[in-house]
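These notes are about the structure you will find just below.
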């Protein structure tokens, strides 16, 4: 594996696209109904992808997803590299979108893709141990804790869960990562879109990690 930090090119590019999409969304609000999830049986095939570009819950979703995309995206790219980052991003996006369409859930947002990245990082660090990776566990455990708290108790629940995660990380980063994997499964079990996307990322991350472990070190990029 590489010992030098990878430049987070894809993470930066993704944040750039999200910023441009947010500007367009607020400059021309009429684009949101055109791009968010809707009926696919009428030939509006672009809605398979475009919901990732619009944040339909308002400014707080824009800010939250931009910040978490930057943090989780950088951690994932430095840990997995670029093409594996893209696989995790796609896994979360596809898992989340398929589930949302199956339940006829309207709206949009790129949190499913972010969850795919977070799930990959979670399983990688939980199985191999955080090692010298200081910020990876903090970012993904905090993110999953916030999602779990939000899923069950809204903003107050998210805040309480993040505080609990901080305490757990101070005690044991490795156990916190394992606990976050369990939390992801619990969220998925209650039919939460974020939980499904997290599990999609966990599965993809486990496969990528397994394949990488079987390859000679000089072939891993």
message = If residue 78 satisfies all but one of (1) touching a helix residue (DSSP H, G or I) at 6+ places or on another chain (Cβ under 9 Å); (2) loosely packed, with under 15 Cβ neighbours inside 10 Å; (3) farther than 21 Å from residue 194 by Cβ, what's the number of the condition it fails?
response = (2)
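Kindly establish whether residue 52 is in contact with a helix residue (DSSP H, G or I) (Cβ under 8 Å, 6 or more places away or on another chain), closer than 12 Å to residue 114 by Cβ and either modelled with pLDDT of 95 or more or not in a loop (DSSP other than H, G, I, E, B) (or both). Give the steps one after another, and end with the answer.
Numbers: in contact with a helix residue (DSSP H, G or I) (Cβ under 8 Å, 6 or more places away or on another chain): yes; closer than 12 Å to residue 114 by Cβ: yes; either modelled with pLDDT of 95 or more or not in a loop (DSSP other than H, G, I, E, B) (or both): yes.
Spelling it out, residue 52 is indeed in contact with a helix residue (DSSP H, G or I) (Cβ under 8 Å, 6 or more places away or on another chain), closer than 12 Å to residue 114 by Cβ and either modelled with pLDDT of 95 or more or not in a loop (DSSP other than H, G, I, E, B) (or both).
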task = Could you tell me whether the range 96-106 includes any residue that is under 12 Å from the mean Cα position of the chain (by Cα), buried (at least 18 other Cβ atoms within 10 Å of the Cβ) and assigned to a helix (DSSP H, G or I)?
result = yes
query = Regarding residue 144, is this residue assigned to a helix (DSSP H, G or I) and free of Cβ contacts under 8 Å to residues at least 40 places away in the same chain?
reply = no
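Can you tell me which residues in the range 28-48 are part of a loop (DSSP other than H, G, I, E, B) and touching a strand residue (DSSP E or B) at 6+ places or on another chain (Cβ under 8 Å)? Quick ask: steps written out before the conclusion?
Restricting attention to the range 28-48, the residues satisfying the condition of being part of a loop (DSSP other than H, G, I, E, B) are 28-30, 36, 38-44.
Scanning the range 28-48 gives a single hit, 36.
The values are calculated or read from the model by the stated rules, or taken from the named source; none is laboratory data. What you are looking at is a predicted structure, and each value in this text was computed from that prediction instead of being measured. With ideal geometry, Cβ positions are generated from the backbone for all residues, glycine too; neighbour counts draw on all protein chains shown.
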